[in-house]
Amino acid sequence: MITRFALFEGSVKPGQTDAFRAAVLERLVPLWRQFPGNTDVRVMFSDDRDEGAPEFPLILAITYPDEAAMESALDSPFRAQSRDVTGEIVAEHFDGRIHHHVTQLNEFKA
């Protein structure tokens, strides 16, 4: 399994917390769920994070069975659509930037 993370670094604009959360859940997450080959899509807002976790207002994570499935998803039209929607959400509700290329290999031992 391999997980690709999108880390939002910065802060939600004042008064935009509810709108930011709604935009992510209603507009961005559905696109991520359409990425071919994914096995899981998770969203973590800063108020949901564990104590001591990094201070990112939003972390999105999408898990694939292997690197080939991830690469195929990244070549899909849903990636371009999600980039456009992410740009709109960031411009309207967020002060900061997003890191896309953070991946983690998940190894499970029997």
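None of the figures in this text is laboratory data; all of them are computed from the coordinates on show. The structure displayed is predicted, hence computed values, not measured ones. All Cβ positions, glycine included, derive from the backbone under ideal geometry; neighbour counts span all protein chains shown.
In segment 77-91, the residues that are touching a residue at least 12 places away in the same chain (Cβ under 8 Å) and over 18 Å from THR17 (Cβ atoms) reach residues that are of a type outside the set (Phe, Trp, Tyr) and surrounded by fewer than 18 Cβ atoms within 10 Å (Cβ to Cβ) with C-beta atoms within less than 8 angstrom, at least six apart or across chains, in these pairs: PHE78/GLN34; PHE78/PRO36; VAL85/ARG27. Residues in segment 19-46 that are in a helix (DSSP H, G or I), basic (Lys, Arg) and farther than 15 Å from ALA73 by Cα: 2 in all. The set of residues from segment 89-104 being surrounded by 13 or more Cβ atoms within 10 Å (Cβ to Cβ), assigned to a helix (DSSP H, G or I) and not aliphatic (A, V, I, L, M) comprises just one member, HIS93.
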